[in-house]
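These notes concern the structure reproduced below.
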Amino acid sequence: MHTVRTNLLDRITITMSLLFMIRFTLAVFLVCFLTQCTGNTQAQPEEFVVQSSSLQGYTQWLRATEISGTGNFPLLLGRAHYSSSPWVTRRVYVNTLAQQGRTQGEFSIGSIIIKTFHDNTGKWLLGEAMVKRQARGGTFNTDHQGWEWLEIKENGSIALDSAGREQRGAQFYGNQCNACHAQYRTNDYVFTY
Ligand code: HEC
């Protein structure tokens, strides 16, 4: 009788411990799931990595401006953007998101602004673009409000160098795009729009 009772007690104790372990394990999994402790602990910031396909047909977008020579920014420009070549026409196109303008001083992620350069015979010379890849305070081009700078071809494709690398980046063109456009930081780096 005594042993039977002990056995029964033992079994109850084992069952209880098993139940406790199962509940404990489930609880740990649940906490892990909720806090994402198994993977990345931090949520990834929202990011728009532009592809050539998003730039096709840009000549149908809103044409914000058309400028030749030094335009409104003679001192700022120096010799950049063909400003010392009055026979070159610069046109600026903005996608729908960029047209919506700034919210609290900032263009929204996915805003694209394209600038084209043609000579006075209409011949294509160059295309450049600035794309809001991340919001201010993100991890991309942190010091310059998340803008990515690119060179594009006439059909909108991202230009490639001889090794086939896309001409783009945060510090593009020896950081000159950042450095000069930063003078218009309060306008979120955009001069003409
Ligand atoms: C020395 C100054 C300077 C440098 C360097 C410079 N920009 Fe600009 N950028 C300007 C100015 C000023 C304007 C507006 C007016 C104009 O074109 O006359 C402009 C306009 C633009 C625009 C149209 C949107 C806007 O801000 O009005 C784009 C796109 C652009 N630049 C891209 C680039 C890229 C890409 C680079 C680097 C490869 C670059 N810029 C380098 C001064 C500069």
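The values are calculated or read from the model by the stated rules, or taken from the named source; none is laboratory data. Just so it is clear, the model here is predicted, and its values are computed rather than measured. Neighbour counts run over all protein chains shown; Cβ positions are idealised from the backbone, glycine included.
At a glance:
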| item | result |
| --- | --- |
| Near pairs, Cβ below 7 angstrom, 6+ apart or cross-chain, from region 110-136 (outside the structural domain of residue 100 (by TED's automatic domain parsing)) to any residue that is not in a strand (DSSP E or B) | none |
| Test result for residue 168, under 13 Å from the mean Cα position of the chain (by Cα), over 14 Å from residue 106 (Cβ atoms) and charged (D, E, K, R) | yes |
| Residue within region 138-145 that is surrounded by fewer than 17 Cβ atoms within 10 Å (Cβ to Cβ), of a type in the set (S, T, N, Q) and touching an Asp or Glu at 6+ places or on another chain (Cβ under 9 Å) present | yes |
| Filter result for the condition that a residue is at pLDDT 80 or above, among the hydroxyl-bearing types (Ser, Thr, Tyr), at positive phi and surrounded by 12 or more Cβ atoms within 10 Å (Cβ to Cβ), over 58, 93, 82 | 82 |
| Filtered residue count, region 168-191, keeping only those that are polar (S, T, N, Q) and crowded, with 17+ Cβ neighbours inside 10 Å | 1 |
| Filter pass, residue 183 being closer than 21 Å to residue 67 by Cβ, in contact (Cβ under 8 Å) with a residue 40 or more places away in the chain and out of contact with any strand residue (DSSP E or B) (no Cβ under 6 Å at 6 or more places or on another chain) | yes |
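Residues are listed down the side, and each one gets a yes or a no for (1) buried (at least 16 other Cβ atoms within 10 Å of the Cβ); (2) more than 10 Å from the ligand (Cβ to nearest atom):
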site	(1), (2)
63	no, yes
73	yes, no
78	no, no
87	no, yes
